[in-house]
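Encoded as structure tokens, the structure appears first; notes follow it.
The values are calculated or read from the model by the stated rules, or taken from the named source; none is laboratory data. This is a predicted model, so every value here is computed, not measured. Glycine also receives a Cβ, built like all others from the backbone with ideal geometry; neighbour counts cover every protein chain displayed.
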């Protein structure tokens, strides 16, 4: 196992000045919370491409102009809601496929650089000159957030804007279907009878600062990454590499497992991902702890996932209650003490967010909301 050692993550917490998200759950955070706490699954058959009757988490009111990427329209919407960005702000854009629909629409032999096109549009919309694109498979969102945290702690910038964004497309849907990882029904994370993932689209934004502010939305205290390198698409089924990473993240903050109120897991609803994650959970958390996957509500939003987990996680902390797990009928073996069809109370303001990605990528971040 390869572990990225990040000693500077022991420094002061990073303050969250702005957190926003758009997904199939809702265009606003208020709409999304209604979806979550009612355990609704926001899945539908898309109208903008032929999904072969497969359902996806679609933002139904997203209407790009003719010939425009759906990703550009979504990026424009999340950027319009940003506060005035302070000077010396760096942009970290997380995406897996960027404006992939431009490739689908392109003439034969024309190969647009879909990720770079999205990065350039993000620079234009935000007005930020320093920007980096992070494409680390399904762990992109949290990897970008961890990179921003390191830059802030090193004094490379005073503020960092993290945007995670991906859209639904024929290209990606076909890819997951070819891997036999796509559910012909609905996503059921951590369920005994889960049969695959559902893809979704979304965008999340975080404005971060190392400087203490009067009323931050919360803080990020520790972030670690590792690579178990066991397979190009499958995770290490023992769960040991992920468990070791979670333990290291807790040790960074001198925390014991009981001091985490809940875990927002990766929880794709695929057989191997959930088995690996549950194996890790049982190795670390010997006592029951609430576990939730947002993919059961909105689908797998790829590069947006890690950012949305933090954005939505702050809202769960604010309410001090974790929503019921959407799609759950009967907990899988090893999930019985973690997931629930009922809302679960949070005993403190601290959650752990977990992301994993192809190639054995693992990412963990501790998120804390304000004290009541």
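For region 197-223, the candidate set comprises residues that are farther than 22 Å from residue 301 by Cβ and modelled with pLDDT of 85 or more; within that set, the residue that is surrounded by the fewest Cβ atoms within 10 Å (Cβ to Cβ) is 211.
Residues 305, 268: which one is closer than 22 Å to residue 176 by Cβ and part of a helix (DSSP H, G or I)?
Just a single option satisfies the conditions, and that option is 305.
Could you please let me know if residue 314 is in a helix (DSSP H, G or I), in contact with a helix residue (DSSP H, G or I) (Cβ under 8 Å, 6 or more places away or on another chain) and surrounded by 21 or more Cβ atoms within 10 Å (Cβ to Cβ)? No. For region 107-118, indicate whether the set of residues that are touching a helix residue (DSSP H, G or I) at 6+ places or on another chain (Cβ under 6 Å), surrounded by 17 or more Cβ atoms within 10 Å (Cβ to Cβ) and under 30 Å from residue 325 (Cβ atoms) is non-empty. Looking for residues that are touching a helix residue (DSSP H, G or I) at 6+ places or on another chain (Cβ under 6 Å), surrounded by 17 or more Cβ atoms within 10 Å (Cβ to Cβ) and under 30 Å from residue 325 (Cβ atoms), one finds none in region 107-118, hence no.
The rows are residues; the columns are (1) at pLDDT 95 or above; (2) within 22 Å of residue 224 (Cβ to Cβ); (3) touching a helix residue (DSSP H, G or I) at 6+ places or on another chain (Cβ under 8 Å).
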{"residue": "94", "(1), (2), (3)": "yes, yes, yes"}
{"residue": "103", "(1), (2), (3)": "no, no, yes"}
{"residue": "121", "(1), (2), (3)": "yes, no, yes"}
{"residue": "134", "(1), (2), (3)": "yes, yes, yes"}
{"residue": "162", "(1), (2), (3)": "yes, yes, yes"}
{"residue": "167", "(1), (2), (3)": "yes, no, yes"}
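Restricting region 237-278 to residues that are out of contact with any strand residue (DSSP E or B) (no Cβ under 9 Å at 6 or more places or on another chain) and surrounded by 19 or more Cβ atoms within 10 Å (Cβ to Cβ) leaves a set whose member that is nearest to residue 294 (Cα to Cα) is 275.
If you go through region 70-81 one residue at a time, do you hit one that is touching a helix residue (DSSP H, G or I) at 6+ places or on another chain (Cβ under 8 Å), crowded, with 21+ Cβ neighbours inside 10 Å, within 12 Å of residue 169 (Cβ to Cβ) and touching a residue at least 24 places away in the same chain (Cβ under 8 Å)? Yes, some residue in region 70-81 is touching a helix residue (DSSP H, G or I) at 6+ places or on another chain (Cβ under 8 Å), crowded, with 21+ Cβ neighbours inside 10 Å, within 12 Å of residue 169 (Cβ to Cβ) and touching a residue at least 24 places away in the same chain (Cβ under 8 Å).
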